[in-house]
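The values are calculated or read from the model by the stated rules, or taken from the named source; none is laboratory data. Because the structure is a prediction, the values reported are computed rather than measured. Here the Cβ positions follow ideal geometry from the backbone for every residue, glycine too, while neighbour counts run over all protein chains shown. Accessible surface areas use protein heavy atoms only, side chains included; no ligands, DNA or RNA. Shrake-Rupley method; radii C 1.70, N 1.55, O 1.52, S 1.80 Å.
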Amino acid sequence: MEKLVEQVWDYTKHAKFYSYRPNYAPKSIDMLVCLAHGGGGGGVPGNSSLKVADIGAGTGNLSIMLLERACEVVSVEPNDAMREIGIERTKGQKITWVRATGIDSTLKAGEFDWVTFGSSFNVMDRNEALVEAHRLLKKGSYFSCMWNHRDLNDPVQKIAEDTIVEFVPNYTRGTRREDQRPIIESRKDLFDNIIYLEEDFYFHQSIENYINAWKSVKNPYWDLEQAEGVELFEKISSKIRERLPQEFDIKYTTRCWSAKKI
């Protein structure tokens, strides 16, 4: 499974483009922090800080939001390029970065008030990730997995999606788009009390930043390490540039599944 995370899902060349992606909806993170505080070890919001294991932390997008909400964060990220960016972005803050995978985090059992997977739950064996999250959590505490999904009814997103399908007719969006409830429910020995949350938001982007955000996406259709992948991506992005304005507000949805450790 380490091979899955570090090689099949190697984000080394994508890391520098992660800053162009929108972060999660702030109110959703606020609500999740309140949920985590009400779990096994966090106490009353404002009275104590949550100790959070942010699994697959990438370049620190979610970790930074957690730090802004007074959490004590341990960020687990196997990819050196992404972790180095995250370390630089969070210098001087109450955070520890660990080089490890989501299914073998190397962290101590039963020490965390909350375990989070920000756009990372889908890049590892989800069953093994649930086992590891359960091991890390205090009894009665929560794990959460979340993603930002493009709103495919948004005019901008529809143009982009239609353009991609022109060049890649078999294009699909993968596990990150799936309902995570079935996999969580399959481990009722580990987690229960599933809570689902979603929130729409708008993100202002220039066309160039939007294209750069697409460069952070890893999928089986274009590999930016290969000449053919670069050529395909350039064709797609050229068409998107023709069809979209120079700047726009674009709609996303933060979707999150949380469940309590039994």
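Gyration tensor over the Cα atoms of the chain: the corresponding equivalent ellipsoid has semi-axes (square roots of 5 times the eigenvalues, largest first) of 32, 19, 18 Å.
In debye to the nearest 20, how big a dipole does the chain give about its Cα centre with +1 on each Lys and Arg Cβ and -1 on each Asp and Glu Cβ? Provide the component values of the computation, followed by the final result.
On the way: 35 positive and 39 negative charges, 130 e Å.
Here the size comes out at about 620 debye.
Between Thr253, Ile236, Tyr196, the Cα set farthest toward the positive side of the dipole of the chain (charges on each charged residue's Cβ, about the Cα centre) is that of Tyr196. Excluding same-chain neighbours fewer than eight residues apart, the aspartates and glutamates reachable from Lys27 by a Cα-Cα span under 12 Å are Glu198, Glu199, Asp200. In the chain, if the dipole is taken from +1 on Lys/Arg beta carbons and -1 on Asp/Glu beta carbons about the Cα centre, which of Pro22, Ser216, Val168 is farthest to the positive end? The one lying farthest along the dipole's positive direction is Pro22. Largest accessible area first, the listed residues Leu224, Leu62 line up as Leu224, Leu62 when surface is computed with a 1.4 Å probe on the assembled protein chains.
Simple rule: put +1 on each Lys or Arg Cβ and -1 on each Asp or Glu Cβ in the chain, find the dipole, and look at Phe112, Asn148, Gly102; the Cα lying farthest toward the positive end is Phe112.
Within the listed set Ser119, Ser63, Ser206, the residue fluctuating most in the Gaussian network model of the chain (springs between alpha-carbon atoms under 10 angstrom) is Ser206. With a Cα cut-off of under 21 Å and a minimum spacing of 8 residues unless on different chains, the lysine pairs in segment 171-262 number 9.
Per-residue surface analysis assigns Arg255 an accessible area of about 60 Å², computed on protein heavy atoms at 1.4 Å probe radius.
Between Cys34 and Ile262, the contour length at 0.36 nm per residue exceeds the alpha carbon distance by 80.2 nm.
Sort Ser216, Ser186, Ser49 from largest to smallest accessible area, using a 1.4 Å probe on the heavy atoms of the protein chains. Walk me through the numbers before you get to the answer.
Working: Ser216 0, Ser186 75, Ser49 50 Å².
Accessible-area ranking of Ser216, Ser186, Ser49, largest first: Ser186, Ser49, Ser216.
The largest accessible area among Thr254, Thr175 belongs to the first residue in Thr175, Thr254, and the rest follow in falling order (1.4 Å probe, all chains).
How much accessible surface area, in Å² rounded to 10, belongs to the heavy atoms of Lys260 with a 1.4 Å probe? The accessible area of Lys260 comes to roughly 60 Å². Only protein heavy atoms count here; on that basis, with a 1.4 Å probe, Thr106 has an accessible area of about 100 Å². Loop-located chymotrypsin sites (Phe, Trp or Tyr not before Pro) in segment 113-180 (DSSP state other than H, G, I, E, B) with a sparse environment of at most 16 neighbouring Cβ atoms within 10 Å: Tyr171. Name the residue, out of Pro22, Pro220, Pro78, whose mean-square fluctuation peaks in a Gaussian network model built on the chain with Cα pairs under 10 Å. Maximum among the listed residues: Pro220.
Dividing the mean sequence gap of close Cα pairs (under 8 Å, 6+ apart) by how many residues segment 165-262 holds gives a relative contact order of 48 percent. Would you mind calculating the relative contact order of the chain from Cα pairs under 8 angstrom and at least 6 residues apart, reporting the percent as a whole number? Relative contact order, the chain: 23 percent.
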